[in-house]
Each structure stands twice: as C-alpha cells, then as structure tokens.
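This report concerns only the one structure given below.
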Amino acid sequence: MLRPEEARIGVVGLGYVGLPLAVAFARAFPTLGFDISPARVAELRAGRDSSLEVSPEELAEVRGRLEVTDDPEALRRCNVYVVTVPTPIDRHKRPDLGPLLAASRTVGRVLKRGDVVIYESTVYPGCTEEDCVPVLERESGLRFNEDFWCGYSPERINPGDKEHRVTDIVKVTSGSTPEAAELVDALYRRIIRAGTHQASSIRVAEAAKVIENTQRDVNIALVNELAVLFHRLGIDTLEVLEAAGTKWNFLPFRPGLVGGHCIGVDPYYLTHKAQEVGHHPEVILAGRRLNDRMGAYVAERVVKLMTRRRMAVPDARVLVMGLTFKENCPDLRNTRVVDIVEELRGYHARVEVHDPWVAPEEARREYGLELVREPERGAYDAVILAVAHRQFREMGAEAIRALGRPGAVLFDVKGILPRDQVDERL
C-alpha cells in the first residue's frame, strides 16, 4: 500500500464540499480537482468560486498545486481519489445514488493497482461497500482489498460558515482494512488542524454521519411542533425558548424551515436502510413529516392574518424575502422557502421573491422563479421575512415595513426582528 507522502490526490466533484477540501489537500499534496461542469471548471481557473466557500486569495494561494479539469482521463495521474458528489433524494423521498454511482464509474475507469478511493458523500450504512465497490470492481477489473482499497470520511462542511472551515472541524476517518484505515487517517491528519477520529469500520463512519443530521432534524421538529402549540396557546415561542435556555443543558434549537443538502435529506437515507432491514423508524419519519409541512404552515398563518384584516388574498401582492436554505450563502439546494411560495400561489396570491445572495438564472433554472432585484416600496399586502440574511438584518423592521402598504402583514419566520415590530413570528 502506498505511503502518505506518495499520495497524488484527485477530488471528484468541486461543489460546496469538494472545492474547500481540494484547496486544503493542495496545501500538502499534489491535487487534481475534477468536475463534470465545464462552466464550473472555467470559473475556478479564472480564480472565482460562485459558491463563495473559497476566496479568490485562497485559490491564488494554491495555484500551481491545485489543477482543475473536466477531463476524466486526467484522473489517471492520481492514486488517491476522494469522491465528494451530492447524494440527493428523488421526488418520492428515496435516496438517489445516481451522482454517486456515476462518480464511481468515472473513478473505476482510471483505477490502478494500489490505488485508494475515499468517499465523503453522505450515505446509509453499508452503501460504500455494497453499492459503490461493485461499480469500482466492474469498471476497473480489479479486486477490492487486494488490488485497491476504500475509505470513508464523511463531509462536515457548513455552507456559509466562515468560522467552522473544513480544516477546523474534527474529521471522522475509516478504511476497508486496518492498513487502509491508517493511510486514510494519515492523509487527513496532514490537512485537518482540529484532528481526526478513526472509526473501526466504514459502516460505523457512514452511520455516524447520517445520524448527525438526523438528530438535528428530530430536535428541530420537536421545536417546530412546540411553535405550533404555543401559537394556539397565545405564547411567543422564542420567549419560551429564551427562558428555557437559562438551564445549562437545554438544547438551543429554534423553529424554522428545514432544507438544504443535509438536514432535510440525510434522514431519508437512514430510514431507507432501516426499512430495508425490516425496521420502521417512527420518530425519524414523524420528524420529517413535521418539518416538511412548516412552509405550508407559515403560508396558512399569513393568509389568516390577511383575512382577519379583510384583505382579499387572491391577487394580493406578497413579498418573500430570502430563497436560500440558510442565511448568508447562495445555496438553493432543497430550500423549503419554495413551499411558502407554492402554498400562497395556491391561494392565487401574486408572490414575488427577493434574495440578494442568489443568481437570478439559478433561481429560474432550479425552481422556475423570477427574482425581484429591488422590491417596490409601499407595494405589498404582506411581507414574509423567510431567511435571516445579513442585508435583511441591517435593514431593520422600519425599512422592511416600508415595503408594504399601510396595514400590510409582516411575518418573521426567523425571529430576527423584535416581537413588537412584527405581526407574527414563528
């Protein structure tokens, strides 16, 4: 098996996870970044990252050590492949392994004796060895754990977070044999300042990743259910959470929309595997149902507020502020803000969406939405503050209120404005 100092790294997939990882590896090893998108490769070669995860200065720092390409044949120069492609769900909420298996085919075609393949994509326990390895064997003609080895080190990227970067978060590592596990851990120890945690098997590492976000999903679901209850009781949820948070071991979860590529997706990978082995995961699926319904619930609350003010909801102009799945990042993957938009359109309201972080062409391509560049002052019957972007916080309640007509509804999903300056908040 190769020694760490002999590693030539190939990162497959240069998105939110792959690019920061490739930059980190390039500081310690010769690194090739591969992506199937020529446009993505072109922007990175020009020193720009549209995901805003890596700065132009950081890209310039590794110029000459990080090569980016959309030519899969270039991967033949590598001997360690790190797969960082997305693992989404389909419209039936089932795991979609299409990108992962396609990346495995790409790697399998260039795989050589002695090479190591490390997966970072979030999957269910067993996926690496049961689904990906057979593809690698078939495409390469090589034998697993004889000619090549595998590892799994789950990604822990938090899009938009400039404090918790890839090198500052403890990395779980694993390998298909003890020797492979030690090599994988040694490679990551070279680049992860926070250190590593070597799991006993790939399956343990896979399970550890998928429960990280499942745990958060269930906790948010509990708080979302409490928010629905407290609203009926006439109690402000955020005040309750602030009071409860004075106890040292109270978990500080807040209500809201649960989207993105992790929390709103990963639990379905775990429940898929659970049902495959004959276990029905009641708590996890209940949490998913609750969180998936929150967008419609917000829309219903807004409609009730408008109705109480004798506003005609059909043809009413409603402004939704924010489209991304979280604040201060341009990531639209699995955003649940679209649930608010669709529900309001079901009432025949005229919904407009404004988000300064989103490229208009991406909103159009992903969701068929035409973004409003500058909302019209004094034009809206209701304003929904859906995402806590820095720009919206800086506007303040008065400026946001000014976007609405006299008597317009202002609903704060994220609780970023004082309670007495909004009509309702989640």
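The values are calculated or read from the model by the stated rules, or taken from the named source; none is laboratory data. All of these numbers come straight from a predicted model, not from anything done at the bench. So basically every Cβ, Gly included, is an ideal-geometry build from the backbone, and we count neighbours across all protein chains shown. These accessible areas exclude ligands, DNA and RNA; they are computed on the full protein's heavy atoms, side chains included. Shrake-Rupley method; radii C 1.70, N 1.55, O 1.52, S 1.80 Å.
Using +1 at the Cβ of each Lys and Arg and -1 at the Cβ of each Asp and Glu in segment 1-116, identify which of Ile89, Leu59, Gly114 lies farthest towards the dipole's positive end. Among Ile89, Leu59, Gly114, the one farthest towards the positive end of the dipole of segment 1-116 is Gly114. In the chain, the longest principal axis of the Cα atoms and the axis of helix 266-276 are about 70 degrees apart. Radius of gyration (Cα atoms) of segment 182-321, expressed as a multiple of 2.2 N^0.38 Å: 1.41.
Calculate, for Ser201 and Arg373, the FRET efficiency according to 1/(1 + (r/R0)^6) with r their C-beta to C-beta distance and R0 41 Å; round to the nearest 0.05. The value I calculate is 0.20. Scoring 260-267, 64-71, 13-20 by mean Cβ neighbours within 10 Å over their residues and listing the highest first yields 13-20, 260-267, 64-71. For segment 73-117, the square roots of the Cα gyration tensor eigenvalues, ordered a ≥ b ≥ c, give a/c of at least 1.5 with a/b greater than b/c, which places it in the prolate category.
Would you mind telling me the antiparallel percentage of the DSSP bridges in the chain, rounded to 5?
Numbers: 2 of 44 bridges.
Given both bridge residues lie in the chain, the antiparallel proportion sits at roughly 5 percent.
Legend: distances between Cα atoms for Lys112/Lys326; Lys162/Lys414; Lys247/Lys304; Lys93/Lys162; Lys93/Lys414; Lys93/Lys326; pairs beyond 29 Å are Lys112/Lys326; Lys247/Lys304; Lys93/Lys162. Under a 5 Å amide H cut-off, with hydrogens placed 1.01 Å from N, His197 pairs with Lys171, Val172, Thr173 among residues at least 5 apart or on other chains. Compared with the direct C-alpha span, the chain from Arg232 to Arg105 gains 40.4 nm at full extension, assuming 0.36 nm per residue.
Once the Cα-Cα distance is subtracted from the 0.36 nm per residue extended length, the Asp71 to Ala296 segment shows a gain of 76.6 nm. Computed from the C-beta positions of Arg364 and Glu342 and an R0 of 22 Å, the FRET efficiency is 0.90 to the nearest 0.05. Mind pulling the angle between the C-alpha long axis of helix 337-346 and the longest principal axis of the chain? Nearest 10 degrees, somewhere in 0 to 90. Around 40 degrees separate the two axes. Taking only Cα atoms, what is the 0 to 90° angle, nearest 10, from helix 294-308's long axis to the longest principal axis of the chain? With rounding to tens, the tilt is 10 degrees. Looking at segment 104-169, the trypsin sites (Lys or Arg not before Pro) that sit in a DSSP loop and have at most 15 other Cβ atoms within 10 Å of their own Cβ are Arg109, Lys112, Arg113, Arg143, Lys162. Extending 7 Å from Cα along the Cβ direction at Lys247 and again at Ala194 yields two label points whose distance is 2.8 nm.
With each run of n ≥ 4 DSSP H residues scored as -39500 (n - 2.57), what mean residue ellipticity at 222 nm is computed for the chain after dividing by its residue count and rounding to the nearest 500 deg cm²/dmol?
On the way: 14 runs with 161 residues, N = 426.
For the chain, the value works out to -11500 deg cm²/dmol.
Here the calculated FRET efficiency for Arg94 and Glu43, from their Cβ-Cβ distance with R0 = 51 Å, stands at 0.95, rounded to the nearest 0.05.
Gyration tensor over the Cα atoms of segment 118-273: the corresponding equivalent ellipsoid has semi-axes (square roots of 5 times the eigenvalues, largest first) of 38, 18, 11 Å.
When Rg is the radius of gyration of the Cα atoms in segment 1-151 and Rh is its Kirkwood radius, what does Rg/Rh come to? Could the numbers behind the result be given before it?
Working: Rg = 15.2 Å, Rh = 15.7 Å.
Rg/Rh: 0.97.
Summary value for the chain: 11 percent relative contact order, contacts being C-alpha pairs under 8 angstrom separated by 6+ residues. Using a Gaussian network model of the chain in which every pair of alpha carbons under 10 angstrom is joined by a spring, one finds that among Phe253, Phe411, Phe34 the greatest mean-square fluctuation is at Phe253. Convex hull volume of the Cα atoms of the chain, normalised per residue: 149 Å³.
Calculate how large, on average over all directions, the projected area of the Cα convex hull of segment 158-201 is; give the answer in nm² to one decimal. Don't jump to the answer; show the numbers that get you there.
Working: hull surface 12.5 nm².
If I average the Cα hull's projected area over directions, I get 3.1 nm².
When the chain is fully extended, how far beyond the present Cα-Cα distance does Glu5 get from Arg254, taking 0.36 nm per residue of separation? Stretched out fully, the Glu5 to Arg254 stretch lengthens by 85.1 nm. The Cα atoms of segment 267-426 cover 57, 35, 30 Å along the three principal axes, with the biggest extent listed first.
Could you tell me which of rounded, prolate or oblate describes segment 179-234, using a ≥ b ≥ c as the square roots of the eigenvalues of the alpha-carbon gyration tensor, with rounded for a/c under 1.5 and, failing that, prolate when a/b is larger than b/c and oblate otherwise? Present the calculation step by step, with values, prior to reporting the outcome.
On the way: a/c = 7.86, a/b = 3.15, b/c = 2.49.
In terms of gyration-tensor shape, prolate.
Applied to segment 313-319, the Karplus parametrisation 6.51 cos²θ - 1.76 cosθ + 1.60 on θ = phi - 60° returns per-residue 3J(HN,Hα) values of 5, x, 6, 5, 8, 10, 9 Hz, with x for Gly and Pro. Counting only protein chain heavy atoms and rolling a 1.4 Å probe, the accessible areas of Lys209, Lys247, Lys273 rank, largest first, as Lys247, Lys273, Lys209. With the Cα gyration tensor of segment 373-426 giving a ≥ b ≥ c as the square roots of its eigenvalues, does the rule (a/c under 1.5 for rounded; else a/b larger than b/c for prolate; else oblate) give rounded, prolate or oblate? It comes out oblate by the Cα gyration axes.
Report, in debye and to the nearest 20, how large the dipole of the chain comes out about its Cα centre when Lys and Arg carry +1 and Asp and Glu carry -1 on their Cβ. Each step should come with its number before you reach the end.
Working: 58 positive and 64 negative charges, 115 e Å.
Its charge dipole is roughly 560 debye.
Along the axis of the charge dipole computed for the chain (Cβ charges of +1 for Lys and Arg, -1 for Asp and Glu, origin at the Cα centre), the listed residues His164, His354, Trp149 are led at the positive end by His354.
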